[in-house]
Amino acid sequence: MDMNAYLSMFIDESNDHLQALNDNLMRLESSPEDISIVQDIFRSAHTLKGMSATMGFEDLASLTHEMENVLDLVRNDKLKMDSFIFDTLFQGLDALESMVEDVVQGGTGKSDVTHIVNNLANIVKGDYKNSSTEPAASTSTTAAGQENGGLLDQYQSSVLKQSIQSGLQVFYIKVTLTESCVLKAARSYMVFDVLENTGEVIKSEPSVEDLEQEKFDRSFTVFTISSVSPEELTSKINSISEIETVEVLPLDEESLATLSSAGTQAAAAVEAPAAPAKTEKAEVKSADEQKKPAVKAPVANRTIRVDIDRLDALMNLFSEMLIDRVRLEQLASEVKRQDLTDTVEHMARVSSDLQNIVLKLRMVPVDTVFNRFPRMIRDLAKSLDKKIDLIITGADTELDRTVIDEIGDPLVHLLRNSVDHGIETVAERVAAGKSETGTVHLRAFHSGNHVFIEVEEDGKGINAKKVLEKAISKGVVKPEDAGKLSIDEINNLIFSAGFSTADVISDISGRGVGLDVVRTKITSLGGNVTVTSVEGKGTKFSVQLPLTLSIISAMLIKLGDEKYAIPLSSIVETAIIQRSSILMVHGNPMIKFRNAVIPLISLSKLFESPSYSEEHEEEHEIIVIHKGDKWAAVVIDEFIGQSEIVLKTLGKYLTNISGVSGATILGDGQVALIVDPNALIK
């Protein structure tokens, strides 16, 4: 069998399981007594181990197996979690992530994890620095139980007995593979996958490790709690290829007691009625008939993975159709045939709905970026000896996939900066009358055609005086201009290139290469980042991002014979002003707008438009644009109207053109440049 065909699926599912392991370990660290979380972690580790073994990544499988051994003791209440165990498990997760990344890069997924494996093995033995005597005692009890010949230890018997008393269905299953079966481990994994999707596996014989290493002949047995009938369970397992026979024996308390205390011979005896599991003798009443609660079967997964290149191709095809639609609308208005007009209007409605669907296909929750931050904050807090709570809100807010792919690194910089520079040490917080634990809020929310992401902490705030002194010494601000700056303007100087107020350079921050990179990256995405701070109270970074980068609503305008597009998301309003109302301030044209004086920008001068001159106009049509809380007015020749436009890049030969962010093709085939309002205000 060619395993390369399954490699992409393995990588995707491994990343999902690793993220689930990270998330649930973080949850468990907050609630170490919650065994249900341990069960979730164990299932993810178990599935990852089976997948890795099937694909032939032995180092991945062996490390996951050692982690699984520790988790098995914890979920069976034979081991109590402590900081050493958590740290070791997190180290194991980091190693697993590195190995999966190596597979992604075309490697073999091999790594020297001997140190971590030894630590995990010592935890299982109870031979490590924080261990209690309980694990060793419990382990010996288990061993004694198995040496006495019983198929189940005391804990496993207790779990199954309680399940039966609660009305759940418990089965003893024997599966025999065909003699011609080549990948026995893969078949056993597929059986376990069926069982875990319909309930929970309590015990297997041979052990899971032996099954994965194919250390068995053709048969294996399993004790399981299931949510489906024996007939359905038999059918599901029989649907797997290379399965010769399946015997399903429903257990009651009496037969369970026999199996718990006896060995394989008694199992065979109890098994006798199970042979006709598919006949009337094996019939089990439904949950309704028994008047007992049934386990709710898992809902089928209704999502599929789609390559982003296919979505890009779909977007490009739709973009071409949108251009043709605008062209058809223009032709229909000229021809003035009612049947043509009706058809074009219907096409416009359908394509508008299609546009919404296409855009939504590209939308991804920011949770895909946010979910790696709790672990990062935990590790940073430990390395800095600080206590920090990360509170995430709005993780279901959606952004275009292109933006999602680019926004991760800037947010890492902002969060690391907040933890290192913002949050004080425990001693400093107590001295300032604050709680020992600092709080970092990570928020995402929609506003108009933008998504805002905020990083806010309750730390010491920005020392504006120190920032200003550093800015003057770096030449960022002239000494004579320093007195004219507001507090917010001073605080935003931290985004200047090479700027840092750190007294000590660390691995976390303080090299002066963080926040200027953040602003550059976010600006390249058509967004903006600002900071507000109150000294002694905390700091808030606010990132504004466009909802999508592919199709936007825009105002089409003219400058003489040339057409331009200005994104509606940046427009405050349109107006007509008299030439006499223009003010000159230090040689720059300004106008009064909403109790403020804002600059007046001439697009014709900026773009050197030869076909339009506003010098002799008595009235000017203007568009008021904004970038954050800064406004400006743009003088234009004529309004054409609003339109949905498709963003096209200018290509590699036309880069860094001031005031232009791209181009679009209009319905009449003309190319219109897209004005970049952020660059105009800058």
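Let's see how each residue does on (1) within 28 Å of ARG305 (Cα to Cα); (2) not polar (S, T, N, Q):
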residue	(1), (2)
LEU7	yes, yes
SER14	yes, no
GLN19	yes, no
ASP23	yes, yes
ARG27	yes, yes
LYS49	yes, yes
ASP59	yes, yes
ASN69	no, no
LYS80	no, yes
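If you take the residues of the stretch 71-84 that are touching a Phe, Trp or Tyr at 6+ places or on another chain (Cβ under 9 Å) and under 21 Å from THR47 (Cα atoms), which of them is surrounded by the most Cβ atoms within 10 Å (Cβ to Cβ)?
Just the residues of the stretch 71-84 that are touching a Phe, Trp or Tyr at 6+ places or on another chain (Cβ under 9 Å), to begin with: 71-72, 74-78, 84.
Then drop every residue that is not under 21 Å from THR47 (Cα atoms), which leaves 71-72, 74-76.
Values: LEU71: 26, ASP72: 17, VAL74: 23, ARG75: 18, ASN76: 19.
The selected residue is LEU71.
So VAL335 ticks every box in (1) farther than 28 Å from ASP12 by Cβ; (2) aliphatic (A, V, I, L, M); (3) surrounded by 14 or more Cβ atoms within 10 Å (Cβ to Cβ) but one. Which box is left unticked?
Checking VAL335 against (1) farther than 28 Å from ASP12 by Cβ; (2) aliphatic (A, V, I, L, M); (3) surrounded by 14 or more Cβ atoms within 10 Å (Cβ to Cβ), the one that fails is (3).
Can you report the number of residues in the stretch 26-41 which are in a helix (DSSP H, G or I) and more than 17 Å from ILE388 (Cα to Cα)?
Step one: list which residues in the stretch 26-41 are in a helix (DSSP H, G or I), which gives 26-30, 35-41.
So of that shortlist, the ones also more than 17 Å from ILE388 (Cα to Cα) come out as 35-41.
Number of matching residues: 7.
Out of all the residues in the stretch 478-514, which are assigned to a loop (DSSP other than H, G, I, E, B) and at pLDDT 80 or above? Please lay out each step first, then the result.
Residues of the stretch 478-514 assigned to a loop (DSSP other than H, G, I, E, B): 478, 485-486, 496-514.
Once the filter is applied, which keeps residues that are assigned to a loop (DSSP other than H, G, I, E, B) and at pLDDT 80 or above, the stretch 478-514 yields LYS478, LEU485, SER486.
Could you list, in sequence order, all residues of the stretch 380-394 that are of a type in the set (A, V, I, L, M, F, W, C), within 22 Å of LEU545 (Cα to Cα) and surrounded by fewer than 16 Cβ atoms within 10 Å (Cβ to Cβ)?
Answer for the stretch 380-394, where residues must be of a type in the set (A, V, I, L, M, F, W, C), within 22 Å of LEU545 (Cα to Cα) and surrounded by fewer than 16 Cβ atoms within 10 Å (Cβ to Cβ): just ILE391.
Of all the residues that make up the stretch 170-199, how many are touching a residue at least 40 places away in the same chain (Cβ under 8 Å), touching a helix residue (DSSP H, G or I) at 6+ places or on another chain (Cβ under 8 Å) and either in a strand (DSSP E or B) or of a type in the set (S, T, N, Q) (or both)?
Here the count works out to 8.
Quick one: is ILE404 surrounded by 18 or more Cβ atoms within 10 Å (Cβ to Cβ), without any contact (Cβ under 8 Å) to a residue 60 or more places away in the chain and either within 30 Å of ILE665 (Cα to Cα) or of a type in the set (Asp, Glu) (or both)? Give the steps one after another, and end with the answer.
Numbers: surrounded by 18 or more Cβ atoms within 10 Å (Cβ to Cβ): yes; without any contact (Cβ under 8 Å) to a residue 60 or more places away in the chain: yes; either within 30 Å of ILE665 (Cα to Cα) or of a type in the set (Asp, Glu) (or both): yes.
Yes: the conditions hold for ILE404.
(1) over 25 Å from THR108 (Cα atoms); (2) within 25 Å of the chain's Cα centre (by Cα): which one isn't true of LYS78, the others all being true?
Condition not satisfied by LYS78: (2).
Select from the stretch 10-38 the residues that are more than 16 Å from GLU97 (Cα to Cα), surrounded by fewer than 14 Cβ atoms within 10 Å (Cβ to Cβ) and touching a residue at least 60 places away in the same chain (Cβ under 8 Å) and list them in ascending order.
Those that are more than 16 Å from GLU97 (Cα to Cα), surrounded by fewer than 14 Cβ atoms within 10 Å (Cβ to Cβ) and touching a residue at least 60 places away in the same chain (Cβ under 8 Å): none in the stretch 10-38.
Would you mind finding the one in SER609, SER613, SER570 that is under 20 Å from GLY659 (Cβ atoms), in contact with a Pro (Cβ under 6 Å, 6 or more places away or on another chain) and modelled with pLDDT under 85? It would help to see each step written out before you state the result.
Numbers: SER609 fails: in contact with a Pro (Cβ under 6 Å, 6 or more places away or on another chain); SER613 fails: in contact with a Pro (Cβ under 6 Å, 6 or more places away or on another chain).
Result: SER570 is the single residue among SER609, SER613, SER570 that is under 20 Å from GLY659 (Cβ atoms), in contact with a Pro (Cβ under 6 Å, 6 or more places away or on another chain) and modelled with pLDDT under 85.
May I ask you to list the residues in the stretch 162-182 that are out of contact with any Leu (no Cβ under 6 Å at 6 or more places or on another chain) and surrounded by 15 or more Cβ atoms within 10 Å (Cβ to Cβ)? It would help to see each step written out before you state the result.
From the stretch 162-182, those out of contact with any Leu (no Cβ under 6 Å at 6 or more places or on another chain) are 162-169, 171, 173-182; that's our starting set.
Of everything in the stretch 162-182, those that are out of contact with any Leu (no Cβ under 6 Å at 6 or more places or on another chain) and surrounded by 15 or more Cβ atoms within 10 Å (Cβ to Cβ) turn out to be SER163, ILE164, LEU168, GLN169, PHE171, ILE173, LYS174, VAL175, THR176, LEU177, CYS181.
Just checking: which of the helices (runs of 4 or more DSSP H) contained wholly in the stretch 242-357 hold 1 or more residues that are aliphatic (A, V, I, L, M), within 30 Å of THR402 (Cβ to Cβ) and modelled with pLDDT of 80 or more? Walk me through it before giving the result.
Numbers: elements: 253-261, 264-271, 287-290, 308-335.
So the answer is 308-335.
Just one of THR64, THR108, THR88 is in a loop (DSSP other than H, G, I, E, B) and among the β-branched types (Val, Ile, Thr); which is it? Show your work before the answer.
Working: THR64 fails: in a loop (DSSP other than H, G, I, E, B); THR88 fails: in a loop (DSSP other than H, G, I, E, B).
Result of the check over THR64, THR108, THR88: THR108.
ASP59 - would you say it is part of a helix (DSSP H, G or I), closer than 20 Å to TYR189 by Cα and either in contact with a strand residue (DSSP E or B) (Cβ under 7 Å, 6 or more places away or on another chain) or without any contact (Cβ under 8 Å) to a residue 24 or more places away in the chain (or both)?
no
Could you please find all residues in the stretch 515-553 being over 13 Å from ASN678 (Cα atoms), assigned to a strand (DSSP E or B) and either under 22 Å from the mean Cα position of the chain (by Cα) or among the hydrophobic types (A, V, I, L, M, F, W, C) (or both)? Write out each step before concluding.
Step one: filter the stretch 515-553 for residues over 13 Å from ASN678 (Cα atoms), giving 515-518, 521, 530-543, 547-553.
Keeping just the survivors that are assigned to a strand (DSSP E or B) gives 530-534, 538-543, 551-553.
Those that are over 13 Å from ASN678 (Cα atoms), assigned to a strand (DSSP E or B) and either under 22 Å from the mean Cα position of the chain (by Cα) or among the hydrophobic types (A, V, I, L, M, F, W, C) (or both): VAL531, VAL534, PHE541, SER542, VAL543, ILE551, ILE552.
Consider only pairs whose beta carbons are under 7 Å apart and that are at least six residues apart or on different chains; among these, list those whose first residue lies in the stretch 426-438 and is in contact (Cβ under 8 Å) with a residue 12 or more places away in the chain and whose second residue is of a type outside the set (Lys, Arg) and part of a helix (DSSP H, G or I).
Qualifying pairs under 7 Å: GLU436/VAL426; GLU436/VAL430.
The values are calculated or read from the model by the stated rules, or taken from the named source; none is laboratory data. On a predicted model such as this, the values are computed, not experimentally measured, just so you know. Because the Cβ atoms are built from the backbone with ideal geometry, glycine has one as well, and the counts that use them run over all protein chains shown.
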